[in-house]
1. Starting from 0.36 nm per residue, how many nanometres of slack lie between K281 and D170 once their C-alpha separation is accounted for?
2. Mind listing the phi-derived Karplus ³J(HN,Hα) values for segment 204-212, rounded to whole Hz, using 6.51, -1.76 and 1.60 with θ = phi - 60°, and x for any glycine or proline?
3. Assign one of three labels to segment 1-156, namely rounded, prolate or oblate, based on the Cα gyration tensor with a ≥ b ≥ c the square roots of its eigenvalues; rounded applies when a/c is under 1.5, prolate when it is not and a/b is larger than b/c, and oblate otherwise.
4. When only DSSP loop residues count, what trypsin sites (Lys or Arg not before Pro) in segment 54-116 have their Cβ near at most 11 other Cβ atoms within 10 Å?
5. Given 10 °C and 1.306 mPa s, how large is the Stokes-Einstein diffusion coefficient of segment 197-312 in µm²/s, with Rh as the Kirkwood radius over Cα pairs?
6. What aspartates and glutamates sit close enough to K3 to cross-link, taking a C-alpha to C-alpha distance under 13 Å and skipping anything fewer than 8 places away on the same chain?
7. Could you work out how far apart the two model spin labels at Q49 and S63 are, taking each label as a point 7 Å from the Cα in the direction of the beta carbon, and quote it in nm?
8. Could you tally the net charge around V83, taking each other residue with its Cβ under 11 Å from the Cβ of V83, Lys/Arg +1 and Asp/Glu -1?
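Only the coordinates and a few stated rules stand behind these numbers; no lab work does. Fair warning: this is a prediction, and the values are worked out from it, not measured in the lab. Here the Cβ positions follow ideal geometry from the backbone for every residue, glycine too, while neighbour counts run over all protein chains shown.
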Amino acid sequence: MSKYAFGVDIGGTTVKLGLFDESGAVLDKWEIPTAKENGGEKILPDVAQSIRAKIEEKGIAVSDVAGIGVGAPGAVDEQGTMVKGAVNLGWSRLNIPDELHKYLDVPVKAANDANVAAFGEMWQGGGKGYRNLVAVTLGTGVGGGIIVEGKILTGATGAGGEIGHMHVEDAENEECGCKNKGCLEQYASATGITRLANRRLAKDDMPSVLRSGEVTAKTVFDAVKAGDALAIEVAEQFGEYLGKGLALVAAVVNPEIFVIGGGVSKAGDVLLSYVEPVFQKYAFMACRDAKFALATLGNDAGIYGAAGLILQ
């Protein structure tokens, strides 16, 4: 009998869900709103109801469901407990498998959403074929997921892989969202690149196409591709921070490959061209063979990785 798995990626606005067969092929994917009212008490019941409806729609026997994997924002330990809760969901400390079991009698595993996305990229994405991988998500913030010998590195309190909050700049005066100062996220995220660009624009009157429109990570890298000298300076600064940060990560976990995803990665290979040389400059010699690749699963990395928790 075929076995199936469901992958669930819980976000602040929507919950993405996917139905997978045992080979890892996605058979269906859909979304439901994230019900954050009353401390997010309806989120997991809604997930269970949606999965139950899909089981009925597809005519699947519950006994053929191998399990449900869940990715959730926040620190999640190896037992699937959200250690510190998730402010953007309204959750306090919560054991996700135990809670979901109340509504669906199938195996459940849960992990941090960035770690799950990394697992998805290793299993079916840009890192396929590798078992030691660091996934870096460059979006509004900088997320990370570390896979060692095919397993997610969770850490003691579920905070393994939080590379966006590595300290990389002593001279920073502005606070990061985490309340520290000088985090990698402040320079390598989409908002961080915008900050670097605005600071450079304010420094002098050097001409740039960035002076005539909205400054975003996308417009910065579009200007880089067009040969804009000021934008290239910003990209070099971004590459210096991220390349050096990843060299530090490599000295600890020695990955075979870095997989770069998130909205900023849509800039394409030009982004890697500013990061790789800096990585090579700072990396310990035994770590310099690490490859770089762009993520390929996009917004589906979470549902793939969540299903992979069950099927791998």
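1. Contour length minus Cα-Cα distance gives 37.9 nm.
2. Once rounded to whole Hz, the list reads 7, 9, 3, x, 6, 5, 5, 7, 10.
3. Details: a/c = 1.65, a/b = 1.09, b/c = 1.52.
Since a/c reaches 1.5 but b/c is at least a/b, the shape of segment 1-156 is classed as oblate.
4. Passing both the DSSP loop test and the Cβ count: R93, K102.
5. On the way: Rh = 15.8 Å.
Taking Rh from Cα pairs, D becomes 100 µm²/s.
6. D21, E22, D64
7. Result for the modelled spin labels: 2.9 nm.
8. Once all neighbours under 11 Å are counted, the net charge is 0.
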